[in-house]
Amino acid sequence: MKTISELIKGNKLFTGKVYDKLKPVERDALHEIIKFTDEDKGKEDLMTKMDKWIDIVCEKHGIEEIRMQNIIDNQINESVGEIIWVVQ
């Protein structure tokens, strides 16, 4: 099974308008969340792991959790929109 990092890289999910507008600290935090979620060997499901690492990384970088969740949602929506647009 592919890791989140491999899926992101393969599908170029962290590119585009949303990603380009991020502050450097937000980009760093985003990459850390993905890295730590990939490396987490806990038995929790993916979403629980990601939520845990969003909490930890946002506190470390001084970013509001809701801000990071919105960044992730917006990036996914932008990427999915592009995929749907190409398919249609």
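The values are calculated or read from the model by the stated rules, or taken from the named source; none is laboratory data. Being a predicted model, the structure only gives us computed values, none of them experimental. As a convention, Cβ positions derive from the backbone with ideal geometry for all residues, glycine included, and neighbour counts pool all protein chains shown. Only protein heavy atoms, including side chains, enter the accessible area calculation; ligands, DNA and RNA are left aside. Shrake-Rupley method; radii C 1.70, N 1.55, O 1.52, S 1.80 Å.
So the values come out like this:
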read-out: Selection count, the stretch 15-25, where residues are surrounded by 13 or more Cβ atoms within 10 Å (Cβ to Cβ) and either over 18 Å from Ile66 (Cα atoms) or modelled with pLDDT of 90 or more (or both); value: 3
read-out: Filter pass, Lys9 being at pLDDT below 85 and either open to solvent by 60 Å² or more (accessible area, probe 1.4 Å) or not in a helix (DSSP H, G or I) (or both); value: yes
read-out: Count - residues of the stretch 41-61 that are open to solvent by 40 Å² or more (accessible area, probe 1.4 Å), over 20 Å from Ser79 (Cα atoms) and either part of a helix (DSSP H, G or I) or in contact (Cβ under 8 Å) with a residue 12 or more places away in the chain (or both); value: 9
read-out: Residue in the stretch 26-40 that is acidic (Asp, Glu), exposed (fewer than 11 other Cβ atoms within 10 Å of the Cβ), at pLDDT below 90 and over 21 Å from Glu78 (Cα atoms) present; value: no
